[in-house]
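Taken together, the values in this text are just the output of simple stated rules run on the coordinates, not laboratory data. Here the structure is a predicted model, which means the values were calculated and not measured. Using ideal geometry, Cβ is built from the backbone for each residue, glycine included, and neighbour counts are taken over all protein chains shown.
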Amino acid sequence: MNKKNLWFLTLFSLVLVLSIYYVTMPSDLLASSMSDTSTTKEKEEVKTSIDESDVIAALKVENTAKVNDTLEELQDKLTSKEATTEEKNSIYEKIKTIHSTSGIEENIEKKIKSTYECEAFSKIEDTSVKVVVDKCTSSSSLANNIMRLVQAEFDKKMYISVQFSS
């Protein structure tokens, strides 16, 4: 057994133990820790301004707000005292899926920016991917290349749409 395998098994077992601990921890302990973080969030005010002409930034803010609302609802269900272990496991898997999807969306946006030097927004929903490209000249060959770049991120066939905003 080499060092890489040993490190992998060690880190994997640590993550597994922490996940099991998190799922089986008492709901009242989790609820109290979540309420502490929510009160500190309420004290801090965050002010952001968005230029109305920047379509990509507006789409990203809207998507982030939706994802945060969904995650907050799932966290509330996860900390509910009435939730069973199976329900908590299901909710935890949904949270992991949301984080994974967000990571893939960010990766797609970074690849489009580095490859084609265009600002992009991507949204994944089930088997479809919507990509909005800005600050780039629209052409069918560029859209086709972006579709290929996005499809390379997935193992299964995805329905990909590319929209150019001007």
- Could you list L74, L16 in order of exposure, starting from the residue whose Cβ has the fewest other Cβ atoms within 10 Å? L16, L74
- Task: Sort L71, L9 so the one with the fewest other Cβ atoms within 10 Å of its own Cβ comes first.
- Result: L9, L71
- Message: Give me the one-decimal nm value for the distance between modelled label points at A58 and T115, 7 Å along each residue's Cα-to-Cβ direction.
- Response: 2.7 nm
- Message: Ignoring solvent entirely, what values of log10 I(q)/I(0) come out of the Debye formula for the range 54-166 at 0.16 Å⁻¹ when each Cα is a single scatterer?
- Response: -0.76
- Query: Most exposed first by the Cβ proxy, i.e. fewest other Cβ within 10 Å, how do Y116, Y159 rank?
  - Reply: Y159, Y116
- Task: Using the structure shown, select from K4/K66; K60/K96; K4/K113; K3/K111; K94/K135; K66/K135 the pairs with a Cα to Cα distance greater than 28 angstrom.
- Result: K4/K66; K4/K113; K3/K111; K94/K135
